Amino acid sequence: HAAEAQRTDLMTITRHVLNEQGRHPESRGDFTILLSHIVLGCKFVASAVNKAGLAKLIGLAGDTNGEEQKKLDVLSNEVFVKALVSSGRTCVLVSEENEEAIFVDAPLRGKYCVCFDPLDGSSNIDCGVSIGTIFGIYMIKDKDNVTLDDVLQPGTDMLAAGYCMYGSSCTLVLSTGNGVNGFTLDPSLGEFILTHPNIKIPNRGKIYSVNEGNAKNWDAPTAKFVEKCKFPQDGSPSKSLRYIGSMVADVHRTLLYGGIFLYPADQKSPNGKLRVLYEVFPMSFLMEQAGGQAFTGKQRALELVPRKIHDRSPIFLGSYDDVEDIKALYASES
Ligand code: AHG
Ligand code: MN
Ligand code: MN
Ligand code: MN
């Protein structure tokens with residue numbers, strides 16, 4: 001009976017968020033409407049990714065049959081920008097694909113700011129490896145006087161964050177500040193259904209995830225940490241290396257299996273590679289909500305205050321105890 005009841009009692013992402021909104025009696029469903037537009041964007045990208053190989057959406061942008069071919073990350077960006085603006089719930093958007101922030105015109109202006117990476121892991125598009133979308137949501141104090149300062153805020157001000165991973169299945173992982181929940185797209189319904197309620201990351205993991213190709217440029221604490229993963233001094237088994245090269249996929253595995261994901265600073269890029277507003281903050285928010293933590297090498301990642309909208313930061317995130325180890329190494333070095 002329970003299984004039968006479960007099957008017919010569909011907990012869609014919209015219903016789940018409405019339930020959570022119930023905790024905020026003052027809300028008028030604006031957040032739910034905003035989220036439904038983000039979900040629409042994810043469904044579009046999911047279908048485009050699945051057809052990418054067939055619809056020649058991959059490879060270099062270039063003209064074919066007269067119509068300008070759009071690369072998947074450009075197409076995805078356009079879809080998310082249009083979906084977010086048309087939701088009537090946003091006043092400023094920051095996208096990895098737009099050099100400048102997008103300020104929404106008055107008639108459609110709402111109270112939220114969304115920072116997003118429409119297509120994360122672009123280097124993996126052409127070979128069919130999992131890619132994703134990452135987003136973070138802020139409330140803007142005065143939507144009629146929005147400036148960049150409203151956006152250049154610490155991640156601790158973030159209201160909600162999530163990602164959608166386009167892999168063997170399409171999974172959307174979301175937190176609105178009350179823990180983390182995972183939803184899987186049922187293509188026959190076109191609905192995201194709750195499949196991973198209340199995700200908690202294991203306190204320690206057996207996996208480390210880093211691009212070892214950058215090892216020659218790492219600073220001492222990072223080098224020491226990776227060395228200890230490979231040659232543990234306390235007789236514990238060495239860790240496994242898993243690196244997909246799409247942050248969404250590497251973070252999703254870390255969230256479910258435990259372990260640590262790191263994109264450290266190195267001599268070539270002293271601030272690392274990942275962008276604060278739409279990669280580091282959303283993933284750090286999710287990790288903390290799932291009982292893990294996120295560290296920049298200097299401070300708690302969410303306490304960073306970006307100076308520019310595409311600022312980068314080194315990031316070490318994942319299982320609480322694993323991140324404690326890297327924090328200790330940085331503390332002993334300083
Ligand atoms: P994007 O495709 O949005 O530019 O992001 C790519 C990022 C991130 O997804 C991944 O963790 C990282 O690039 C991989 O970088 P390396 O190839 O340098 O390891
Ligand atoms: Mn990215
Ligand atoms: Mn991207
Ligand atoms: Mn990119």
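Computed from the coordinates by the stated procedures, all read-outs in this text should not be read as laboratory data. Since the model is a prediction, treat every value here as computed from it, not as a measurement. Cβ coordinates were reconstructed from backbone atoms using ideal geometry, including for glycine residues, and neighbour counts include every protein chain displayed.
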Return the sequence-ordered ³J(HN,Hα) values of the range 88-101 in whole Hz as given by the Karplus equation 6.51 cos²θ - 1.76 cosθ + 1.60 applied to θ = phi - 60°, using x for Gly and Pro. x, 10, 10, 10, 8, 10, 10, 10, 4, 8, 10, 4, 9, 5
Give me, ordered by chain and number, the residues 5 or more places off MET139 or on other chains with an amide H under 5 Å from its own placed amide H. CYS113, LEU159
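Determine, for each peptide in 96-105, 122-131, 269-278, the mean count of other beta carbons within 10 angstrom over its residues, then list the peptides with the highest first.
Working: 96-105: 14.7, 122-131: 16.6, 269-278: 20.7.
Order by mean packing, descending: 269-278, 122-131, 96-105.
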Excluding residues on the same chain fewer than 8 positions from LYS51, give the lysines whose Cα lies under 30 Å from its Cα. LYS43, LYS70, LYS71, LYS82, LYS273
Estimated distance in nm for a label pair at ARG204 and LEU189, the labels positioned 7 Å out from Cα along Cα-to-Cβ: 4.0
Can you tell me the 0 to 90 degree angle between the C-alpha axis of helix 220-230 and the longest principal axis of the chain, rounded to 10? 90
Quick check: from the Cα gyration tensor, does the range 105-183 come out rounded (a/c under 1.5), prolate or oblate? prolate
Can you list the HN-Hα couplings for the range 200-209, worked out from phi with the Karplus curve (6.51, -1.76, 1.60; θ = phi - 60°), rounded to whole Hz and with x for Gly and Pro? 10, 7, x, 5, 9, x, 10, 10, 10, 9
Mind jotting down the distance between the C-alpha centroids of the range 132-175 and the range 275-334, whole Å? 16
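What does the charge count around ARG300 come to, taking other residues whose C-beta lies under 13 Å from its C-beta (Lys +1, Arg +1, Asp -1, Glu -1)? Each step should come with its number before you reach the end.
Numbers: positive: LYS298, LYS327; negative: GLU288, GLU303, GLU324.
Within the 13 Å Cβ shell, the charges total -1.
Add -39500 (n - 2.57) for each DSSP H run of 4 or more in the chain, then divide by its residues: what number comes out at 222 nm, to the nearest 500 deg cm²/dmol?
Details: 8 runs with 98 residues, N = 334.
Dividing the helical sum by the residues of the chain leaves -9000 deg cm²/dmol.
Of all DSSP beta bridges in the range 191-334, what percent run antiparallel (nearest 5)?
On the way: 10 of 14 bridges.
Expressed as a percentage, antiparallel bridges in the range 191-334 total about 70.
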Tell me, what is the percent relative contact order of the chain, built from C-alpha pairs under 8 Å that lie six or more residues apart? 15
CYS170 long-range amide H proximity, modeled H, under 5 Å: LEU185
Can you quote the Å³ per residue value for the convex hull of the Cα atoms in the chain, rounded to an integer? 156
